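Have a look at the structure below, then the notes.
The values are calculated or read from the model by the stated rules, or taken from the named source; none is laboratory data. In this text, all values refer to a predicted model and were calculated from it rather than measured experimentally. Reconstructed Cβ throughout: ideal geometry from the backbone, glycine too, with neighbour counts over all protein chains shown. Note: areas computed on protein heavy atoms with side chains; ligands, DNA, RNA excluded. Shrake-Rupley method; radii C 1.70, N 1.55, O 1.52, S 1.80 Å.
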Amino acid sequence: MAHAEFTDEVTLAEQAENLGRMALMMGLIPSFVVRHFPDSWEFYIPNETAPQLTPEEAYLHLKQLVDPVD
């Protein structure tokens with residue numbers, strides 16, 4: 001079992017943002033937007049059904065796109 005590279009909400013959001021960049025470079029998504037607020041981050045992936053994703057949802061969705069084996 002692989003060890004996650006995050007320890008709190010901020011590092012989870014950073015990992016989700018990194019996965020978004022990877023998915024973008026791999027051509028898996030056309031673009032993504034991260035809105036930074038003092039107490040939270042919001043992720044938007046165009047052409048997805050959900051209007052916004054939490055860092056947890058974005059991490060899981062993007063992780064599945066980038067590395068579907070895990």
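Below is a table of values for the structure above.
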read-out	value
Residues being in a loop (DSSP other than H, G, I, E, B), within 13 Å of PHE43 (Cα to Cα) and among the polar types (S, T, N, Q) - total across segment 5-33	1
Among (1) open to solvent by less than 60 Å² (accessible area, probe 1.4 Å); (2) at pLDDT below 90, the one test that VAL66 misses	(2)
Residue selected from segment 5-19 under the condition in contact (Cβ under 8 Å) with a residue 12 or more places away in the chain and within 13 Å of HIS36 (Cβ to Cβ), by the criterion surrounded by the most Cβ atoms within 10 Å (Cβ to Cβ)	ALA16
Number of the condition not met by MET25 [criteria: (1) at pLDDT 90 or above; (2) surrounded by 13 or more Cβ atoms within 10 Å (Cβ to Cβ)]	(2)
Count of segment 52-67 residues which are closer than 15 Å to LEU28 by Cα, assigned to a helix (DSSP H, G or I) and free of Cβ contacts under 8 Å to residues at least 40 places away in the same chain	3
